[in-house]
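Read-outs throughout are calculated quantities, based only on the coordinates presented, and are distinct from any laboratory measurement. What you are looking at is a predicted structure, and each value in this text was computed from that prediction instead of being measured. All Cβ positions, even for glycine, are placed from backbone atoms using ideal geometry, and neighbour counts span all protein chains on display.
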Amino acid sequence: MSDNTRKIKVSQAGSGKPRVVSLPELTVDMRAGLLEVGIKAGLEVMAAMFASDVETICGSRYEHRRLREASRWGVAGGEVVLGGKKLRVRRPRVRSLSGKELRLSSYEHFRGEDPLVERVLKQILLGVSTRRYHRSLESGHLGLKMHGVSSSAVSRRFVAATAERVAEWMGRSLEGLELVALFLDGIGLGEHTVVAAIGIDTEGRKHALGIWEGATENAAVCQGLIDDLVSRGLRVDKAILVVIDGSRALRKVVKQSFGANAVIQRCQKHKERNVRSHLPKGLQGVVGSQMRRAYHSEDVNKARGILKGLITRLRDTHPGAASSLEEGLGETLTVIALKVPSQLRRSLGTTNVIESGMSIVRHVSRNVKRWRDGKMAVRWVAAGFIEVEKRFRCINGYKWIPQLVEALKEWRDIDKEDAA
């Protein structure tokens, strides 16, 4: 280490402006990784900031002060958070004239848990398991003692971070949010199912509304889900397209809660999968192709004709597939009947808005071997949606949202007239 020093600016949370500290010139070991060099530099900066705090409180070493309020009091062991782990450091101590130890603001800042929790969350979202977390951190040539990187410690921080996000979602106000579409779908994790809700506003932007533990086939779960959204400010007095996975219980609850304002769209992908599950492999491709041809049609009558013809051909040989296709047939064609442009129709005809998020959930949770309870499943779905929210973009065809709004109003008015 040379005697040369350089002055650098460092920013510290809670301070109004950057601090300037003198830092001895670093000696870089070329065998070390870049991250290791960064950690070493960070420790040097910390040490300089600790010394700067001591000098601010006590004055320069050996300086005579008539009105001295505190004095140096040796050093002690401590822990700071750096590079996604806790590191043992030596910290200076200061005490007042009354003998009370005074805190160093820079040490209190660096020993905080928040950066470590955020690092743990990011690593797990990248697919790092809790047991391998410590291996994703570099520290080889530094000879530093790491703490807080065990499987149990990482797991505790992950639980804390995701629990906080779930609480944030479940308490988020929906007042003032003008939604034109609401997507509801579930994901199975072990023996547990978690339902997610995503809304589309009048500008085509996506909003994660919340997640709940329980299946969409359970009427009580569905009612609690909708009641929660309404209690947080979701409007039920305007026409809205509700895209669901085909659950009868969920459809019933939506209709009871929204009345004629709810325009139901059954997910076309779910319907195709359900029908194919009743067929032998040799027929699945042919029937699936015919269904997609109907769903891509521009004319609702033509689409209905294709599907009804398919039902007729399947009724005798594969009655299960025919019944599945016939059930809720009209509601799988709602977006075609609304006569919105094809690009927007493809975005609204399925629950893919949620499915894309669920695929990330499956990816980040692939290391989980045992699902202990529903709370654990909810935490992992929350972790996935943390990543999903960063990728949210306007849906394809968002420019035609005003046309959808007008079509929904007309549909609602026709429904009210029919009911009268």
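Of note:
- Prolate/oblate/rounded call for the stretch 212-269, Cα gyration tensor, a/c under 1.5 rounded: oblate
- Subset of Lys269/Lys308; Lys252/Lys409; Lys252/Lys390 violating a 23 Å alpha-carbon distance limit: Lys252/Lys390
- Relative contact order %, the stretch 209-328, counting alpha carbon pairs below 8 Å whose residues are six or more apart: 20
- Amide H contacts of Gly210 (H built 1.01 Å from N, under 5 Å, at least 5 apart or other chain): Ala197
- Nonlocal amide H pairs with Val242, under 5 Å, H built at 1.01 Å: Leu182, Val263, Ile264, Gln265
- Nitroxide proxy distance, nm - points 7 Å out along Cα→Cβ at Ser231 and Lys252: 2.2
- Along the stretch 168-174 the Karplus relation, 6.51 cos²θ - 1.76 cosθ + 1.60 evaluated at θ = phi - 60°, assigns HN-Hα couplings of 5, 4, 5, x, 6, 6, 10 Hz to successive residues, with x for each Gly and Pro.
- Amide H contacts of Leu234 (H built 1.01 Å from N, in plane; Pro and chain starts excluded): Leu174 sit under 5 Å, all sequence-distant by 5 or more or on other chains.
- Segments 361-372, 256-267 sorted - mean Cβ within 10 Å per residue, highest first: 256-267, 361-372
- For the stretch 288-420, the alpha-carbon coordinates run over 47, 44, 32 Å along the three principal axes, in decreasing order.
- Distance (nanometres) between label positions extended 7 Å along Cα→Cβ at Glu101 and Ile306: 7.5
- Mean separation of Cα pairs under 8 Å and 6 or more residues apart, divided by the residue count, gives the stretch 177-419 a relative contact order of 24 percent.
- Summed residue charge, Cβ within 12 Å of Ile354's Cβ, Lys/Arg positive, Asp/Glu negative: -1
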